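Comments concern the structure below.
The values are calculated or read from the model by the stated rules, or taken from the named source; none is laboratory data. Predicted model, so just to flag it, every value in this text is computed and none were measured. All Cβ positions, even for glycine, are placed from backbone atoms using ideal geometry, and neighbour counts span all protein chains on display.
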Amino acid sequence: MFSHSMSIYFAIIVVTFITGCDTINHTSHTDTQTVVDDNVTFQAVCSSDTLSMQGPNSINVYLENENGPISDAILTATPTMPGHGGHGTSVQPIVTADGEGNYEITDLIFTMPGTWQIEVNAEFIDESTATADLFYAIN
């Protein structure tokens, strides 16, 4: 028969093993959204496991047209909650480019759970624009 201290020790090992297995078997879910506006394709990719109110959050956007990657656009991102009158956040997201059509949107702060819309606007050298509306469920 186990002593009281052995029972506690055994319980700690079992809990650690179960928790560890959950962590080991945890798989990340990638959320990819593709939006086409005026022959410009926005492909947004993020790990849906990381988007949360615990932010800041980030999303990667790849931008291309029929000629290939678009690396000289100016992107802005505006997060809002369409189900709550379109309110946003007080923090303006930051967009950085790597020069090969890839843009990273960082400092996305979600202030409450629910569906968030991120309006991504691209302005090009010829002053034309394209817009993608991305939607994410935040828990």
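Where in region 53-139 are there strands (runs of 3 or more DSSP E), lying wholly inside it, with at least 1 residues that are under 19 Å from VAL35 (Cα atoms) and out of contact with any Phe, Trp or Tyr (no Cβ under 9 Å at 6 or more places or on another chain)?
Counting at least 1 such residues, we get 57-65, 74-80, 102-108, 114-123, 129-138.
Scan region 87-110 for residues that are among the small types (Gly, Ala, Ser) and touching a residue at least 24 places away in the same chain (Cβ under 8 Å) and jot them down. Full working, then the answer.
Step one: filter region 87-110 for residues among the small types (Gly, Ala, Ser), giving 88, 90, 97, 99, 101.
Correct list: ALA97, GLY99, GLY101.
Scanning region 64-97 for residues that are of a type in the set (Gly, Ala, Ser) and touching a strand residue (DSSP E or B) at 6+ places or on another chain (Cβ under 9 Å) yields SER71, ALA73, ALA77, GLY83, GLY86, GLY88, ALA97.
For region 110-123, give me each residue that is among the hydrophobic types (A, V, I, L, M, F, W, C) and either at pLDDT 95 or above or buried (at least 16 other Cβ atoms within 10 Å of the Cβ) (or both). If you could, list the steps in order and put the result at the bottom.
Filtering region 110-123 down to residues among the hydrophobic types (A, V, I, L, M, F, W, C) leaves 110, 112, 116, 118, 120, 122.
Those that are among the hydrophobic types (A, V, I, L, M, F, W, C) and either at pLDDT 95 or above or buried (at least 16 other Cβ atoms within 10 Å of the Cβ) (or both): PHE110, TRP116, ILE118, VAL120, ALA122.
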